[in-house]
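Colleague: Structure in structure tokens, see below.
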Amino acid sequence: MGLHLLTVCYLFGSVTFIVGLKMLASPASARKGNIIAAVGMAVAILATIFLYRNSETGLHLHNYAWIFGGLLIGGIVGTLSAKKVKMTSMPEMVSLFNGMGGACAALISLVEFNHLSKELKEGTLEISAVQPTVLIIVLGLIIGSISFAGSMVAWGKLNGRVKDFSFPGQNILNLAFLAIALGLGVYLIIDPAQTFILYGILALSLVYGVLFVMPIGGADMPVVISLLNSFTGVAAACGGFLYDNKVMLTGGILVGAAGTLLTVLMCKAMNRSLLNVLVGSFGGSNKTGAAGENTNQVAYKEISISDGAMVMNYATKVMIVPGYGLAVAQAQHICHELEKILEEKGVEVKYAIHPVAGRMPGHMNVLLAEADVSYDKLLEMETANDEFKTTDVVLILGANDVVNPAAKNDPASPIYGMPILEVEQAKTVIVNKRSMKPGYAGIENALFFQPKTAMLFGDAKKVLQQICAELKTI
Amino acid sequence: MDSILSFISANQQIIYIVILMVFVGIEVIGRVPSVLHTPLMSGANAIHGVVVIGAIIVMGKAETDNYLALTLGFFAVVLGTINVVGGFVVTDRMLEMFKKKKA
């Protein structure tokens, strides 16, 4: 009875994952989809605790105190950190959670192998009988550890604790590490008695995970996180193989496949291939040269706060282009206030959202939604590009690469071919940045040197506050 | 050769699941607007937290005197739960904001 009920619960869980993911892909049903998947997960977890029986001994699970202790601690930590995190640091949080999942998968492999090698020593199991299991354990360990180490580095990079780091021949060294880890894995499958090799594989996979993410620029982190996300999915599926557990298998493979597709979609939004993201170490300093130098000498023009406020005051249509600078400065609320002040003065205000503005696709929408900016004011890239012609002032808040005309007209540029917001079609462009430093792609932006462009340096939040104050006096 | 074939037929159920799930996973998010990329990634992130079930099984099977297994298993349960709970809560927070605008 219990085991049949467990099967039904797992079936229910698997279906909710599929339905939930499907609903997550459309704006109207997304939230419900998330809750449905969460309910399915809760049912599957509770069913495992109370109904699972060991297939060999037929016994129920024990160590309930440990299990509930773990669930309780994990639940509290997870909820608190998820509730407390600022909207701007969402990407880091997702990366961190992903790392936890990867670590969980790796730990499972370690314990299971430990269990297995004990039985091998006692002679209760034949080597040939455990080889498929060892294969799954090794795969779970390698993928889980890479995902864990990589996610931690990605997390560190997004919050600025870890800097880009690369050296010549790094890609080859990385591949060598991976190859050795895989080779050791094969050796372990052939001779599972060599327990210590497992720890060698663990160490190599962790090192590989770190080195793999290290050289990739911060702008590409979302793609990397999405890729590692699908890795963890596959690692979870390995667990499903191990225990012949269908809900782990379906959930894991589902995320593995969906995550891979999502990764590809993200790359497409930037008009780059996955390989280019992973191997190109885009954003490294060595590419700054060529594209930048010819524009370096040209002077740019600065504009004062009061002039900027004046220009916007007398415009009929203002388009705001938010970017990562807005996110760092937490300027979304004051940005919404500026929008309200301008609208009171009869100025039409809209937002032009580039699909990869900020640190993650959709990042800007989340942020502006937090500040109560109305949904229909957010224009997608194609619509926005049609409207720039009739726009008087474009106010760029900490965006750079997504408005760089080099993507359109400089084939030598590393971002050539990426669709951009064509802000130079508007009458005036005001660019708020903290300094002239290039954006994540590490290249100069010719837009800043155009005659119709004016620079307004400073922290996005402070600048917007001053502009708002200024506008109120006009 | 023979052993490979027998492995496949012994595990055909699992292999079917894997293949079908790959297609389902791809099909399900085939046409997702870029606005939803971040929440979708976060939601998928929570779903692979299903790995915590494996951790629970490890934990529940461990002998009460095997402290290595207990400790590692305990950490696995904690980390897996953080992944699941945190993942769903963060996704809900993101989506809550989208919802409010629609009303």
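The values are calculated or read from the model by the stated rules, or taken from the named source; none is laboratory data. In this text the structure is predicted, and so the values were computed from the model without any measurement. For neighbour counting, all protein chains shown are included, and Cβ atoms are generated from backbone atoms with ideal geometry for every residue, glycine included. Protein only, heavy atoms only, side chains kept; ligands, DNA and RNA dropped before computing areas. Shrake-Rupley method; radii C 1.70, N 1.55, O 1.52, S 1.80 Å.
Colleague: Would you mind finding the one in A:Ile197, A:Ile216 that is modelled with pLDDT of 85 or more and in the same structural domain as A:Thr232 (by TED's automatic domain parsing)?
Modeller: That would be A:Ile197, the only listed residue that is modelled with pLDDT of 85 or more and in the same structural domain as A:Thr232 (by TED's automatic domain parsing).
Colleague: Any residue in segment B:16-37 that's over 11 Å from A:Leu265 (Cβ atoms): show its pairings with residues that are at pLDDT below 90 and assigned to a loop (DSSP other than H, G, I, E, B) at Cβ separation under 9 Å, as long as the two are six or more apart or on different chains.
Modeller: Between residues of segment B:16-37 that are over 11 Å from A:Leu265 (Cβ atoms) and residues that are at pLDDT below 90 and assigned to a loop (DSSP other than H, G, I, E, B), the close pairs are B:Val28/A:Ala25; B:Val35/A:Pro27; B:Val35/A:Pro355; B:Val35/A:Pro361; B:Val35/A:Gly362.
Colleague: Right, something else. Considering only segment A:437-465, how many residues are touching an Asp or Glu at 6+ places or on another chain (Cβ under 9 Å) and either open to solvent by 30 Å² or more (accessible area, probe 1.4 Å) or aromatic (Phe, Trp, Tyr) (or both)?
Modeller: Qualifying residue count, segment A:437-465: 8.
Colleague: Please verify whether A:Val210 is open to solvent by 40 Å² or more (accessible area, probe 1.4 Å), closer than 24 Å to B:Leu79 by Cα and of a type in the set (Val, Ile, Thr), treating the condition exactly as stated.
Modeller: So A:Val210 fits the description; yes.
Colleague: Is it the case, given these coordinates, that A:Ser230 is farther than 26 Å from A:Tyr10 by Cα and of a type in the set (Ser, Thr, Tyr)?
Modeller: When the stated conditions are applied, A:Ser230 does not pass them.
Colleague: Which residues, counting only those in segment A:77-106, are within 14 Å of B:Phe88 (Cβ to Cβ) and of a type in the set (Ser, Thr, Tyr)?
Modeller: A:Thr79, A:Ser81 - these are the residues of segment A:77-106 that are within 14 Å of B:Phe88 (Cβ to Cβ) and of a type in the set (Ser, Thr, Tyr).
Colleague: Tally the residues that are of a type in the set (A, V, I, L, M), within 9 Å of chain B (Cβ to nearest Cβ) and within 13 Å of the chain's Cα centre (by Cα), restricting the search to segment A:217-236.
Modeller: 1
Colleague: Out of all the residues in segment B:65-93, which are within 7 Å of chain A (Cβ to nearest Cβ) and hydroxyl-bearing (Ser, Thr, Tyr)?
Modeller: Passing the criteria: B:Thr81, B:Thr91.
Colleague: Of all residues in segment B:63-87 being of a type in the set (Ser, Thr, Tyr) and over 15 Å from the mean Cα position of the chain (by Cα), which is most open to solvent (accessible area, probe 1.4 Å)?
Modeller: Selected residue: B:Tyr67.
Colleague: OK, next. List every residue pair whose Cβ atoms sit under 6 Å apart, with the two residues 6 or more apart in sequence or on different chains, where the first one lies in segment A:20-31 and is farther than 12 Å from B:Phe88 by Cα and the second, anywhere, is not in a helix (DSSP H, G or I).
Modeller: A:Met23/A:Ser29; A:Ala25/B:Ile29; A:Ala25/B:Val32
Colleague: Which pairs do you get when a residue that is assigned by TED's automatic domain parsing to the domain that holds A:Ser145 and in contact (Cβ under 8 Å) with a residue 12 or more places away in the chain, found in segment A:103-125, comes within reach of a residue that is open to solvent by less than 10 Å² (accessible area, probe 1.4 Å) and in a loop (DSSP other than H, G, I, E, B), reach meaning Cβ atoms under 8 angstrom, with the pair 6+ apart or on two chains?
Modeller: Taking only residues 6 or more apart or on different chains, the pairs are A:Leu116/A:Pro192; A:Ser117/A:Pro192; A:Leu120/A:Pro192.
Colleague: Let me ask something else. Filter segment A:274-321 down to the residues that are small (Gly, Ala, Ser), in contact with a Gly (Cβ under 9 Å, 6 or more places away or on another chain) and modelled with pLDDT of 70 or more and list them by number.
Modeller: Of everything in segment A:274-321, nothing turns out to be small (Gly, Ala, Ser), in contact with a Gly (Cβ under 9 Å, 6 or more places away or on another chain) and modelled with pLDDT of 70 or more.
Colleague: Does any residue of segment A:237-253 turn out to be touching a residue at least 40 places away in the same chain (Cβ under 8 Å), within 20 Å of the chain's Cα centre (by Cα) and crowded, with 20+ Cβ neighbours inside 10 Å?
Modeller: Checked against the condition, which is being touching a residue at least 40 places away in the same chain (Cβ under 8 Å), within 20 Å of the chain's Cα centre (by Cα) and crowded, with 20+ Cβ neighbours inside 10 Å, segment A:237-253 yields at least one hit.
Colleague: Same structure again: Of these, A:Ile225, A:Ile189, which one is among the hydrophobic types (A, V, I, L, M, F, W, C) and surrounded by 23 or more Cβ atoms within 10 Å (Cβ to Cβ)?
Modeller: A:Ile225
Colleague: While we're looking at this one, here's another question. Return the residue satisfying two criteria in turn: it lies in segment B:1-41 and is charged (D, E, K, R) and assigned to a helix (DSSP H, G or I), and of such residues it is nearest to A:Met41 (Cα to Cα).
Modeller: B:Glu27
Colleague: Kindly check whether there is at least one residue in segment B:42-62 that is open to solvent by 20 Å² or more (accessible area, probe 1.4 Å), more than 17 Å from A:Ala44 (Cα to Cα) and either in a helix (DSSP H, G or I) or facing chain A (nearest Cβ under 7 Å) (or both).
Modeller: Yes.
Colleague: When you go through A:Lys163, A:Lys157 one by one, which is the residue that is modelled with pLDDT of 85 or more and basic (Lys, Arg)?
Modeller: A:Lys157
Colleague: Could you please find all residues in segment A:258-268 being open to solvent by less than 10 Å² (accessible area, probe 1.4 Å) and not hydroxyl-bearing (Ser, Thr, Tyr)?
Modeller: Passing the criteria: A:Ala258, A:Gly259, A:Leu262, A:Met266, A:Cys267.
Colleague: For A:Glu337, work out the one condition from (1) open to solvent by less than 20 Å² (accessible area, probe 1.4 Å); (2) at pLDDT 90 or above; (3) over 28 Å from A:Ile225 (Cβ atoms) it doesn't fulfil.
Modeller: Here A:Glu337 meets the rest and fails (1).
Colleague: Out of the residues in segment A:21-48 that are surrounded by fewer than 19 Cβ atoms within 10 Å (Cβ to Cβ) and of a type in the set (A, V, I, L, M, F, W, C), state the one that is modelled with the lowest pLDDT.
Modeller: Taking the candidates together, the pick is A:Ala28.
Colleague: Related question: Among the residues of segment A:57-76, is any under 20 Å from the mean Cα position of the chain (by Cα), within 25 Å of A:Gly252 (Cα to Cα) and surrounded by fewer than 23 Cβ atoms within 10 Å (Cβ to Cβ)?
Modeller: No, that holds for no residue.
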